[in-house]
1. Excluding Ala13 itself, calculate the net charge of residues whose Cβ lies under 15 Å from the Cβ of Ala13, where each Lys or Arg counts +1 and each Asp or Glu counts -1.
2. Please work out the C-alpha center-to-center distance from segment 279-323 to segment 83-159 and express it in whole Å.
3. Note the angle between two axes, namely the Cα long axis of helix 239-257 and the longest principal axis of the Cα atoms of the chain, as a number of degrees from 0 to 90, rounded to the nearest 10.
4. List every residue whose amide H lies under 5 Å from the amide H of Trp116, counting only residues 5 or more places away in sequence or on a different chain, with H placed 1.01 Å from N in the peptide plane.
5. In nanometres, what is the gap between the two model label sites at Leu25 and Val230, each 7 Å from Cα along Cα-to-Cβ?
6. Helix 179-188 against the longest principal axis of the chain: what's the angle in degrees, Cα atoms only, rounded to the nearest 10?
7. Hey, what D do you get for segment 222-322 in µm²/s if you plug the Kirkwood alpha-carbon radius into Stokes-Einstein at 20 °C and 1.002 mPa s?
8. Taking the simple approach of a point 7 Å from Cα along Cα-to-Cβ for both Lys123 and Lys284, what is their distance in nm?
Amino acid sequence: MPKVSAIIPAYNALRYLPKTIDSILNQTFDDFEVIVINDGSTDETEKWVAQIADARVKLICQKNQGLAAARNTGIKHAKGKYLAFLDADDLWEPTKLEKQVQVLEQNPEVGLVYTWVAYIDEKGESTGRVVQTQAEGYVWKKLVERNLVECGSVAMVRSSCLVTVGLFDENLSSFNVGEDWDMWLRIAAQYPFKVIKEPLVYYRQRLSSASKNWEVVEQSFRLVIEKTFVSAPPELLYLKGRSYGFAYFCLAWKALQSCDRDYQKAAYYRSQALKNYAGLRFSKENFRLCVAISIMRWFGPNGYDQFLSLLYTLRRRTVALAR
């Protein structure tokens, strides 16, 4: 029986999947199985995975049902004591599994361990951005404000936790976003979290990804927030406005980063964020968002892209100097 089951939903992801699989097979911890769920792909995903010689890699094919359903299929076939989720276009540092397993082994009360995240672009090059979240313990209050587990490729959870809280919500499958936040919230309501303060996951940013479709993300966020607060105790309902505030900030960024590059929609979402949570007005994130909207408005998408390119270069140099 493997210690860890790594679950990878794959839908037309062959462009990135080989490097993703390599990042698992090159782990320093090797007591794992890899379950690739081919979720109705029309590319060569099935053929490519089927030819992998490593017996730890298993392939399951199903008709397209969405991310939540694909993950649930993987969970139902998983044999590991711990479950690790990895999106088909993201990458892991070689020590990710080893360090997360060590944390769970040493802290039997912990239900989920996550890590810091480094952003990469479509080509796999670093943008210089690293998301460094400090929250651990009983994090529900912080997690309900915003998703601290930066992407779906970060978490390792005890399989026993899902016996208690259930599987991913397939009602969110039509959105392909939000199901991870919903799951982490349900786990956080009953178990403490731990964080490894190292960027052990590379989160690929793609203009065509589902998370950049801000209209879809808006519907998903609303469903998750309303679902969460239906069962929240009255004394915590004040957090609902904060949750919507951070959600609208996230949507503003996605409007800027989508193919549409809609700065007017971004400005609208920013105003909705401040309307729901006025405390964001003097935050660094609000300042950054104002600058980004202004650049897009005055210099257009090309100017915005040039600005981002310069910013990424400066970030990379800063990181290199820090080392």
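Nothing in this text is a laboratory measurement; each read-out follows from the coordinates by a stated rule. All values derive from a computational prediction rather than experimental measurement. Cβ sites come from the backbone with ideal geometry, for glycine too, and all protein chains shown count toward neighbours.
1. On the way: positive: Arg15, Lys19, Lys47, Arg71, Arg204, Arg206; negative: Asp22, Asp39, Asp43, Glu44, Glu46, Asp87, Asp89, Asp90, Glu122.
It works out to a net charge of -3.
2. Between the Cα centre of segment 279-323 and that of segment 83-159, the gap is 24 Å.
3. The angle comes out at about 90 degrees.
4. Ile196, Glu198, Leu200
5. 4.4 nm
6. Long axis of 179-188 versus the principal axis of the chain: about 80 degrees.
7. Working: Rh = 15.1 Å.
This corresponds to a translational diffusion coefficient of 142 µm²/s.
8. 2.8 nm
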